[in-house]
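Undergrad: Okay, handing you the structure first.
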Amino acid sequence: MLHHMPIPTVADHLSRPRLLLRPSDPVQEGIAGLISKEITAGLVVDDAERLVGILTVTDCLRAVSAAAYRDESHGDGGPVSAFMSPVGPSLRPDMDLFEASRVFLDCHVQTLPVLTPDGKLLGRLTRHALLSAIQDFASAQSAAKVKLETEGSGDGGGRPRTIEEMQRKAARFSRENLVKFFSRSS
């Protein structure tokens, strides 16, 4: 029996952050992490695991440029908190994939943090993971539609031929699926 397919949520597709930093960590540690993991940003959390900032490659370039300008070839360059960017757009775990897509379309980042209402970091969602999840959902929807259209009244599919067949078929499906099924053109 086919039922209405719920739209998957961000929580269904989030992943762990690739680099977690603390505000007091030396910025050189952040730079080393970004380089070794070949990523463009690390998430900065406080002791309660709330997201307090994001250290980007651009922030790190700013840090090394400032150090070079001041001719500081030694030292750690200062704490991550001195160079990190503020928290920007984020996602909630209960957002459906299409809500998350709207957030991504309004900003120009590849990854967004997923936060609880009080700002605690749960994970991250990438544009690639979102696109893949939406594609999987669309494929599942198409497969369900084909199943609805071919699921039989005993003759292998198609529209019911009698009132009894229509009643049996209607009893098995959600209202939304019935509207789609019976309103399609012949």
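The values are calculated or read from the model by the stated rules, or taken from the named source; none is laboratory data. In this text the structure is predicted, and so the values were computed from the model without any measurement. When we count neighbours, we look across all protein chains shown, and the Cβ atoms used for this are built from the backbone with ideal geometry, even at glycine.
Undergrad: Between A129, A100, A140, which is of a type in the set (A, V, I, L, M, F, W, C), touching a residue at least 12 places away in the same chain (Cβ under 8 Å) and farther than 24 Å from L20 by Cα?
TA: A140
Undergrad: Quick one: how many residues across the range 1-46 are in contact (Cβ under 8 Å) with a residue 24 or more places away in the chain and farther than 21 Å from A133 by Cα?
TA: The total comes to 22.
Undergrad: Now a separate question. Output yes when any residue across the range 71-78 is touching a residue at least 12 places away in the same chain (Cβ under 8 Å) and within 18 Å of T126 (Cβ to Cβ), and no when none is.
TA: no
Undergrad: Pick from A63, A67: which is free of Cβ contacts under 8 Å to residues at least 12 places away in the same chain and surrounded by 15 or more Cβ atoms within 10 Å (Cβ to Cβ)?
TA: Just one listed residue meets the conditions, A67.
Undergrad: Go through the range 1-25 and count every residue that is over 24 Å from the mean Cα position of the chain (by Cα) and among the small types (G, A, S).
TA: 1
Undergrad: Read through the list (1) touching a Lys or Arg at 6+ places or on another chain (Cβ under 7 Å); (2) modelled with pLDDT under 95, then give the number of the only condition that R62 fails.
TA: Result: R62 passes all but (1).
Undergrad: How many residues does the range 26-65 contain that are more than 21 Å from the chain's Cα centre (by Cα) and assigned to a loop (DSSP other than H, G, I, E, B)?
TA: The number of residues fulfilling the criteria is 3.
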